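Since the structure comes first, as structure tokens, the remarks are kept for the end.
The values are calculated or read from the model by the stated rules, or taken from the named source; none is laboratory data. Everything numeric in this text was worked out from a predicted model, so none of it was measured. Every residue, glycine among them, receives a Cβ derived from its backbone with ideal geometry; neighbour counts consider all protein chains shown.
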Amino acid sequence: MLRPTFDAILRAALQAADPALAVTRHVARDADALRIGEARIALGEIDRITLIAAGKAAWPMALAALPVVADRLRGGVVVTKHGHLPPDARARMPDTVTLIEAGHPVPDADSVRGGGAIRAALPGLGARDLVLVCVSGGASALAVAPHEGVTLRALRTVNEALLRSGADITEMNAVRGRLDALKAGGLVRLAQPARVAGLILSDVVGDSLDVIASGLTREPRAHNVLIASNSLACAAAAEAARERGFAAHVVTTALSGEAREAAVRIAADLDAAPPRSALIYGGETTVTLRGSGRGGRNQELALAAALALDGRPGRLIGSFGTDGTDGPTDAAGAVADGQTLARAAALGWDATAALSNNDSYAFFAPLGDLIVTGPTGTNVADVVVALREG
């Protein structure tokens, strides 16, 4: 049975991308200095610290940073996705820090409130102030500060069009950055003359600061530290596979293109691999919507993989979003093997029809092959695991 092996690999990938652990590895207090990555800032040079956290991993990142900055905390803002704050969040964070849950992947009124709160926290800072910004994927939609004349309705229309278009995250964030006062380094400019340090949890291929969260802290005057990425998650997945007796190889951390086409390539790679192989892929595919069904890029990849693997025993392909969500569903992804189509046919499901209608969620749900983790607190793009037993 390959599913228990896949589940163990999934857990290892998520643990490697744990945002709280990543923050504590990269931010610490020495006797007389604040260490942020390789940089050391003398505490005598800092009067006040403003804590900003935006993205799907905003809460655990902010909570991990809090003990380091608490004695100089001026205030701050944490903006994350609806449902990503724990019930006791308010009790665990100082009253001077505003907590907001907002819409993703399409911004809502709370997203505007989140962006407005961040924007309001920045004026009046001086050269002896520090803004510590915890950035993770999803911030582009979760915290928006539209330029004058740009309405929320316009932002939502643009986002929905981008999501349906098959555009990749780089293309989408390039558009978003032109509509928003915080994006494309706007946060850094608004904070001047304060110092700005960014702790970056990357969810994009290539880890470009211009793209992650639409470049909130991309200005040269900011000190940015990449604290976790898809590469780390993929490396941990490969190691977990090796521990279970598989010859593991990270094929790429730049997986992109249409999800259904990526699935065919991955299935072909698996056919060419020797027995007891584990192939790991990281990145983020896209889906061009053609039907009216429900799903996400990871579920669509798995559905196309089910078609490619049909009748081939001892093979499994699973794809999941490390944030625990995939499209507008409660699943992180799905798993397929050589028997998936036969099991689905027994229930009256046609995989080809489901794929044509982008209806992967409805296809996998009755099979019990959805990956449901709930919000993971992290976000380092997607991981695909392909296993061959024999």
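Brief remarks on what is shown
- Near pairs, Cβ below 7 angstrom, 6+ apart or cross-chain, from segment 4-24 (outside any helix (DSSP H, G or I)) to any residue that is among the polar types (S, T, N, Q): 17/322; 17/378; 18/378
- The selection criterion, being assigned to a helix (DSSP H, G or I) and either in the same structural domain as residue 248 (by TED's automatic domain parsing) or of a type in the set (Val, Ile, Thr) (or both), holds for residue 354.
- Residue in segment 315-334 that is at positive phi and modelled with pLDDT under 95 present: yes
- Segment 317-340, residues that are surrounded by 24 or more Cβ atoms within 10 Å (Cβ to Cβ), over 23 Å from the mean Cα position of the chain (by Cα) and not charged (D, E, K, R): 340
- Close pairs (9 angstrom Cβ cut-off, 6 or more residues apart or separate chains): more than 19 Å from residue 338 (Cβ to Cβ) in segment 290-305, modelled with pLDDT under 95 and outside any loop (DSSP other than H, G, I, E, B) anywhere: 297/286
- Inclusion of residue 124 among residues that are surrounded by fewer than 18 Cβ atoms within 10 Å (Cβ to Cβ) and part of a loop (DSSP other than H, G, I, E, B) is warranted.
- Any hit, segment 85-102, residues being in contact (Cβ under 8 Å) with a residue 60 or more places away in the chain and buried (at least 20 other Cβ atoms within 10 Å of the Cβ): no
- Of residues in segment 1-40 being within 19 Å of the chain's Cα centre (by Cα) and of a type in the set (Gly, Ala, Ser), the one farthest from residue 243 (Cα to Cα): 20
- Residue in segment 198-237 that is nearest to residue 114 (Cα to Cα), counting only those that are out of contact with any helix residue (DSSP H, G or I) (no Cβ under 6 Å at 6 or more places or on another chain) and among the polar types (S, T, N, Q): 224
Residues checked against (1) surrounded by fewer than 20 Cβ atoms within 10 Å (Cβ to Cβ); (2) over 20 Å from the mean Cα position of the chain (by Cα); (3) modelled with pLDDT under 95; (4) under 24 Å from residue 310 (Cα atoms):
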| site | (1), (2), (3), (4) |
| --- | --- |
| 180 | no, yes, yes, no |
| 187 | no, yes, no, no |
| 193 | yes, yes, no, no |
| 214 | no, no, yes, no |
| 235 | yes, no, no, no |
| 266 | no, yes, no, yes |
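- Candidates 288, 322, filtered to the one that is hydroxyl-bearing (Ser, Thr, Tyr) and over 30 Å from residue 199 (Cβ atoms): 288
- Residue 78 vs. criteria of a type in the set (Val, Ile, Thr), within 19 Å of residue 19 (Cα to Cα), without any contact (Cβ under 8 Å) to a residue 60 or more places away in the chain and in the same structural domain as residue 113 (by TED's automatic domain parsing): yes
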